[in-house]
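The values are calculated or read from the model by the stated rules, or taken from the named source; none is laboratory data. Everything numeric in this text was worked out from a predicted model, so none of it was measured. So basically every Cβ, Gly included, is an ideal-geometry build from the backbone, and we count neighbours across all protein chains shown.
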Amino acid sequence: MTVDRTLLGVAIFIASESVFFLAIVLAYVAYRDAGLATAKANLDIGRTAIFSIALFASSGTMALAARARSGTWLGATMALGAIFLVGQGSEYARLLGEGIGPGSALFGTTFFTLTGLHGIHVLAGLVALAALFTANLGRPRAVRAVAWEAVSFYWHFVDAVWVVVFSVVYLGTLL
Amino acid sequence: MTAIPLWVRRPAGERVGWLRTVDHKAIGVLYIGMGVAFFAVGGLEALLLRAQLATPEAGLVDPETFNQAFTVHGVTMILLAVVPLLVGFANYMVPLMIGAPDVAFPRLNALSFWLSLVGGVVLYFSFLAGGAPDTGWFSYAPLSERAFAPGTGVDYYILGLAVNGAGTIIGAINLSVTILLMRCPGMAISRVPLFVWMTLVTSVLILGAYPALTAALVMLLVDRQLSGHFFDPAGGGQAVLWQHLFWFFGHPEVYIMVLPAMGMISEVIPVFSRKPIFGYGFVAGSSVAIAFLSFGVWAHHMFAVGLGDTENAIFSATSMLIAIPTGVKIFNWIATMIGGRLRMTTAMLFAVGFIAMFVIGGLSGVSLAVVPIDLAVTDSYYVVAHLHYVLFGGTMLGIFAGAYYWFPKMTGRLLSERLGRWHFWLTFAGFNLTFLPQHWLGAVGMPRRVFTYAASTGWGPLNLISTIGAAILAIAMVVFFVNLVRSLRSGEIAGDDPWDAFTLEWSTTSPPPPENFATIPAVTGRRPLWDRKHPEARDKS
């Protein structure tokens, strides 16, 4: 079995990113009790769930895009990722309007750090998607197959992190 | 005539500048150059500290400068000197040792180096921007929070370490993929030179440890810049969380710094003993054990915090366990020398010096793993003595061994053995004179990081001895720099294989051509060059 060096590199990068997110999630969990009342009162699970579905669906469109090297499915992935970020932005605006920010109390500090860092990773993923999209638009034959797989790999990771964050932060308020 | 070429050649013959090079050898040299420069700066900071402490109630520097100097000294030596030196040698040597033309991702390699360097520059920019960080290299919260460190020093610490760490993480990805996928035909993972093994294990440690530091730095940044409460007890946060995250990085970092140096002496000792390493599998396997255990010992830095007796007992036990795989290695090296035809070159002197000094540092480490002893000497000069025996007596002597061993391969010229001996013995004497008395100072209660002390404490004489030792150490480093510069210009021509060595880097020219090897070699054992030179006595493994 031969392993592609680019994919192995991305896999190792994702492993190190996992340690990074693990530390941030652990900090959130460590302070969960202090912020639980604020979280229960202010997080809109239903609305975030809808935007989360957009992100989860984008993993499906990404898989289709990578399999067929399809610019159309890639565009759909970017649109779904952007919808997720719009949802996150509107949630931030609402919370900040209610006086909940990174400096207001422990909940705000941990919530904005964890979801914000994830959002930055989604944004980085969108940049990678856009780069792939542009390259594919210009000279599709020059884009190596591994580029599709590598970008797809990272996008699935960003998606998987949100499964954890959504469970811990949002579904956690139901416990 | 300049000895340092202005250009780096590419395999096609084209020449590119040092700023644009992606050649692993050139980037290795850049890393080593960065390490040497910051080692000099960090050394000058240490001399300033020792000068201030030479006599009681001295007023050479003010307390604020002293705080900045010990903080920046620690960060510099660990992250901007030792790690780049080790990564630099790995960058240069690993592809040569495994018979590869370059690393897996040459352009990413350049990015790693430049990020590491920019991180260091950002940290030092703090001096111009209103004051360097002054909270110690581990920057404990809440001291590092905005309320207690209102200047910008800690912010530059955060940014500098995060950027430098990103470079180190990317470098570790690159080196691990290189080692896993780019070995030449016949070079099974059970045949790679031990320096390569140590680099692989170190890369895994970097990938597990550095992201935890980055996470902690981000949280501190949120606290300082967005008025967050992660480590702010007044806002419900816990200062101890910083300590957990920092030492989850900080203790593996110790092994990140010492394992590659162990790899270096594992190359040097067999070659100068004319024997294969004793127990190759144990040297490699014990490193994996060390790496595994090193993620489970971080709270031994926190015995005095008050985590509780159960936690302290567990971390005390895991810390002592690490002494076992470490001890295994000591026996491997000694057994390699026993019955060998020893050639006491400068490289070998430093390698043997490593073993002796590292044993002292290791034993004081075991003593610190005993909770009651740690409680008595925590935050004292005993700890300072211990860590310098490990990091200078261990790592730096290992790096010097590697430097004397590989300098001829990298430059085509040998370092002077005569100056090398002066360098070794002055280092050995100066080092022990500096740090051995600090064990006593710590035992009688001198706290670390104090700016001065009263004459009535009686700590004056031992401090004076320590400072004299530091001055001798400084002279030793000057001798080394003179040796580097003179040998670079007019050292004896080395040839391809001056040490009659065992591994593939010595089978190519000195310095190697841009593509490393004219043809990709094929190997059948752990000592491919030995096999080629002595087909009748070929290794069986």
Self-check item: Given (1) touching a helix residue (DSSP H, G or I) at 6+ places or on another chain (Cβ under 9 Å); (2) within 11 Å of chain B (Cβ to nearest Cβ), index of the condition A:D33 fails
Solution: (1)
Quiz item: Would you call B:T199 more than 7 Å from chain A (Cβ to nearest Cβ), out of contact with any His (no Cβ under 6 Å at 6 or more places or on another chain) and at pLDDT 95 or above?
Solution: yes
Quiz item: Can you list the helices (runs of 4 or more DSSP H) found entirely within segment B:43-132 that contain at least 3 residues being on the phi < 0 side of the Ramachandran plot and polar (S, T, N, Q)?
Solution: B:63-75, B:106-125
Quiz item: Only one of A:I53, A:I24, A:I45 is β-branched (V, I, T), within 30 Å of B:F248 (Cα to Cα) and either more than 14 Å from chain B (Cβ to nearest Cβ) or surrounded by 20 or more Cβ atoms within 10 Å (Cβ to Cβ) (or both); which?
Solution: A:I24
Quiz prompt | So B:I189, is it β-branched (V, I, T), free of Cβ contacts under 8 Å to residues at least 40 places away in the same chain and under 30 Å from B:V268 (Cα atoms) | solution = yes
Self-check item: Selection status of B:S456, in a helix (DSSP H, G or I), surrounded by fewer than 16 Cβ atoms within 10 Å (Cβ to Cβ) and among the hydroxyl-bearing types (S, T, Y)
Solution: yes
Quiz item: Do you know which residues across segment A:131-167 are in contact (Cβ under 8 Å) with a residue 24 or more places away in the chain and exposed (fewer than 13 other Cβ atoms within 10 Å of the Cβ)?
Solution: A:L137, A:P140, A:A145
Quiz prompt | Of all residues making up segment B:241-270, the number that are closer than 30 Å to B:I334 by Cα and within 13 Å of another protein chain (Cβ to nearest Cβ) | solution = 1
Practice problem: Among residues belonging to segment B:179-196 that are under 19 Å from A:L7 (Cα atoms) and out of contact with any Leu (no Cβ under 8 Å at 6 or more places or on another chain), point out the one that is farthest from the other protein chains (Cβ to nearest Cβ). | Solution: B:R183
Quiz item: If you check A:A76, A:A124, A:A128, A:A66, which single one turns out to be over 30 Å from A:A41 (Cα atoms), touching a residue at least 60 places away in the same chain (Cβ under 8 Å) and part of a helix (DSSP H, G or I)?
Solution: A:A66
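Yes or no: A:S59 of a type in the set (S, T, N, Q), assigned to a helix (DSSP H, G or I) and within 14 Å of chain B (Cβ to nearest Cβ)?
No: the conditions fail for A:S59.
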Quiz prompt | Subset of segment A:149-168 that is under 16 Å from A:T115 (Cβ atoms) and β-branched (V, I, T) - its residue that is nearest to the chain's Cα centre (by Cα) | solution = A:V158
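From the residues in segment B:403-422 that are among the aliphatic types (A, V, I, L, M) and more than 21 Å from the chain's Cα centre (by Cα), which one is farthest from B:P511 (Cα to Cα)? Explain how you work it out, then say what you get.
Narrowing segment B:403-422 to residues among the aliphatic types (A, V, I, L, M): B:403, B:410, B:414-415, B:419.
Narrowing the set further to residues that are more than 21 Å from the chain's Cα centre (by Cα) leaves B:414-415, B:419.
On the way: B:L414: 12, B:L415: 14, B:L419: 22 Å.
Ranking the candidates gives B:L419 first.
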Quiz item: in contact with a helix residue (DSSP H, G or I) (Cβ under 7 Å, 6 or more places away or on another chain), touching a residue at least 40 places away in the same chain (Cβ under 8 Å), within 21 Å of B:P260 (Cα to Cα) and crowded, with 23+ Cβ neighbours inside 10 Å - does that describe any residue in segment B:115-136?
Solution: yes
Quiz prompt | Within segment B:459-511, considering residues that are at pLDDT 95 or above and of a type in the set (D, E, K, R), the one farthest from B:L441 (Cα to Cα) | solution = B:D496
Exercise. Considering each of B:A162, B:A188 in turn, give the residue that is over 14 Å from B:M257 (Cα atoms) and outside any helix (DSSP H, G or I).
Key: B:A188
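Considering only residues that are within 7 Å of chain A (Cβ to nearest Cβ) and in a loop (DSSP other than H, G, I, E, B), which ones fall in segment B:223-240?
Here is the first cut: in segment B:223-240, the residues within 7 Å of chain A (Cβ to nearest Cβ) are B:226-230, B:235-237.
Answer for segment B:223-240, where residues must be within 7 Å of chain A (Cβ to nearest Cβ) and in a loop (DSSP other than H, G, I, E, B): B:L226, B:S227, B:G228, B:H229, B:F230, B:G236, B:G237.
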Quiz item: Name the residues in segment A:131-144 that are out of contact with any Phe, Trp or Tyr (no Cβ under 9 Å at 6 or more places or on another chain), over 19 Å from A:F13 (Cβ atoms) and not in a loop (DSSP other than H, G, I, E, B), would you?
Solution: A:F133, A:T134, A:A135, A:L137, A:G138, A:P140, A:R141, A:A142
Quiz item: Pairs under 8 Å by beta carbon, first residue farther than 24 Å from B:D134 by Cβ in segment B:443-463, partner assigned to a helix (DSSP H, G or I), six or more apart or different chains?
Solution: B:A443/B:V377; B:A443/B:Y382; B:L462/B:P437; B:L462/B:Q438; B:L462/B:W440; B:L462/B:L441
Quiz prompt | Count of segment B:364-402 residues which are among the hydrophobic types (A, V, I, L, M, F, W, C), more than 16 Å from B:A304 (Cα to Cα) and more than 17 Å from the chain's Cα centre (by Cα) | solution = 1
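When you check A:S16 against the structure, is it surrounded by 18 or more Cβ atoms within 10 Å (Cβ to Cβ), in contact with a Leu (Cβ under 9 Å, 6 or more places away or on another chain) and of a type outside the set (V, I, T), yes or no?
For A:S16, the condition - surrounded by 18 or more Cβ atoms within 10 Å (Cβ to Cβ), in contact with a Leu (Cβ under 9 Å, 6 or more places away or on another chain) and of a type outside the set (V, I, T) - is met.
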Quiz item: Here are some conditions: (1) in contact with a helix residue (DSSP H, G or I) (Cβ under 7 Å, 6 or more places away or on another chain); (2) more than 10 Å from chain A (Cβ to nearest Cβ); (3) not in a loop (DSSP other than H, G, I, E, B). B:S176 meets all but one. Which one does it not meet?
Solution: (2)
Quiz item: Just for segment B:202-217: of the residues that are more than 7 Å from every other protein chain (Cβ to nearest Cβ) and of a type in the set (V, I, T), which one is surrounded by the most Cβ atoms within 10 Å (Cβ to Cβ)?
Solution: B:T202
Quiz item: What number of residues within segment B:370-411 are more than 30 Å from B:E492 (Cα to Cα), crowded, with 21+ Cβ neighbours inside 10 Å and in contact with a Ser or Thr (Cβ under 6 Å, 6 or more places away or on another chain)?
Solution: 1
Quiz item: Does segment A:87-119 hold any residues that are within 19 Å of A:A160 (Cβ to Cβ), within 13 Å of another protein chain (Cβ to nearest Cβ) and not hydroxyl-bearing (S, T, Y), and which are they?
Solution: A:L114, A:G116, A:L117, A:H118
Quiz item: Can you find a residue in segment B:23-41 that is assigned to a loop (DSSP other than H, G, I, E, B) and loosely packed, with under 15 Cβ neighbours inside 10 Å?
Solution: no
